[in-house]
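Engineer: Sharing a structure here in structure tokens format.
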Amino acid sequence: MGLWDFVKNAGKALGIGDAEAAEAPAPDALKKEVEDLGLKAEGLKVTVDGDTVRVSGKAASQAEKEKVILAVGNVAGVAKVEEEIETPEPAAQPVFHTVVKGDTLWKISEKTLGSGARYKEIFEANRPMLSDPDKIYPGQVLRIPPK
């Protein structure tokens, strides 16, 4: 089980019109976001308590588990994600990076993986949430692949 922090007023707005960043979207909207991204979690259960989202279920891999956490956490109005997602392999501690102003995947890669030229690994580790390596934003949380 883990508890992950996100930037509440940053992220994708779910719903009609301008989403109010003061509150997290409904559980059904968050679950639909996970499904729309093509992520799979067997028996996925999503609940919302204020700005904290709780997710549970079974994921096919550690990478899939981390992507589900990011899919619900990088939504406007979500400040924390508490997860109880089981994986078949032993649970490794995920490494996440919160994007700050001026960050690029190259800079993040230099800092976390030791070489900016490895930025494509971070991009691939965050698919399908990222569609373009140049489209990251401050407050977004990214998954850093193992070295």
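Engineer: Just give me the residues in region 20-46 being touching a helix residue (DSSP H, G or I) at 6+ places or on another chain (Cβ under 7 Å), surrounded by 18 or more Cβ atoms within 10 Å (Cβ to Cβ) and closer than 20 Å to Phe6 by Cα, in sequence order.
Structural biologist: Leu30, Glu33, Val34, Leu39, Val46 - these are the residues of region 20-46 that are touching a helix residue (DSSP H, G or I) at 6+ places or on another chain (Cβ under 7 Å), surrounded by 18 or more Cβ atoms within 10 Å (Cβ to Cβ) and closer than 20 Å to Phe6 by Cα.
Engineer: Would you say Ile108 is surrounded by 16 or more Cβ atoms within 10 Å (Cβ to Cβ), at pLDDT 95 or above, closer than 12 Å to Arg143 by Cα and in contact with a Ser or Thr (Cβ under 9 Å, 6 or more places away or on another chain)?
Structural biologist: Numbers: surrounded by 16 or more Cβ atoms within 10 Å (Cβ to Cβ): yes; at pLDDT 95 or above: yes; closer than 12 Å to Arg143 by Cα: yes; in contact with a Ser or Thr (Cβ under 9 Å, 6 or more places away or on another chain): no.
No.
Engineer: Return the only residue of Val81, Val48 being in contact with a strand residue (DSSP E or B) (Cβ under 7 Å, 6 or more places away or on another chain), of a type in the set (A, V, I, L, M, F, W, C) and at pLDDT 95 or above. Before the answer, list the steps.
Structural biologist: On the way: Val48 fails: in contact with a strand residue (DSSP E or B) (Cβ under 7 Å, 6 or more places away or on another chain).
Within the list Val81, Val48, the selection yields Val81.
Engineer: Still on this structure: Name the one entry in Val99, Val95 that is in contact with a Gly (Cβ under 7 Å, 6 or more places away or on another chain), surrounded by 14 or more Cβ atoms within 10 Å (Cβ to Cβ) and on the phi < 0 side of the Ramachandran plot.
Structural biologist: Only one candidate qualifies: Val99.
Engineer: Would you confirm whether or not region 113-121 contains a residue that is touching a residue at least 40 places away in the same chain (Cβ under 8 Å) and either outside any loop (DSSP other than H, G, I, E, B) or exposed (fewer than 12 other Cβ atoms within 10 Å of the Cβ) (or both)?
Structural biologist: Scanning region 113-121, I find no residue that is touching a residue at least 40 places away in the same chain (Cβ under 8 Å) and either outside any loop (DSSP other than H, G, I, E, B) or exposed (fewer than 12 other Cβ atoms within 10 Å of the Cβ) (or both), so the answer is no.
Engineer: Quick check: is even one residue across region 111-128 closer than 28 Å to Ser56 by Cβ and either small (Gly, Ala, Ser) or in the same structural domain as Val7 (by TED's automatic domain parsing) (or both)?
Structural biologist: yes
Engineer: Go through (1) outside the structural domain of Glu33 (by TED's automatic domain parsing); (2) touching a residue at least 12 places away in the same chain (Cβ under 8 Å) one by one and return the number of the condition Thr52 breaks.
Structural biologist: (1)
Engineer: Among the candidates Asp5, Asp49, single out the residue that is surrounded by fewer than 17 Cβ atoms within 10 Å (Cβ to Cβ) and over 22 Å from Leu130 (Cβ atoms).
Structural biologist: Asp49
The values are calculated or read from the model by the stated rules, or taken from the named source; none is laboratory data. This one's a predicted model, so the numbers in the text were calculated from it and none came from an experiment. Cβ: placed from backbone, ideal geometry, glycine included. Neighbour counts: every protein chain shown.
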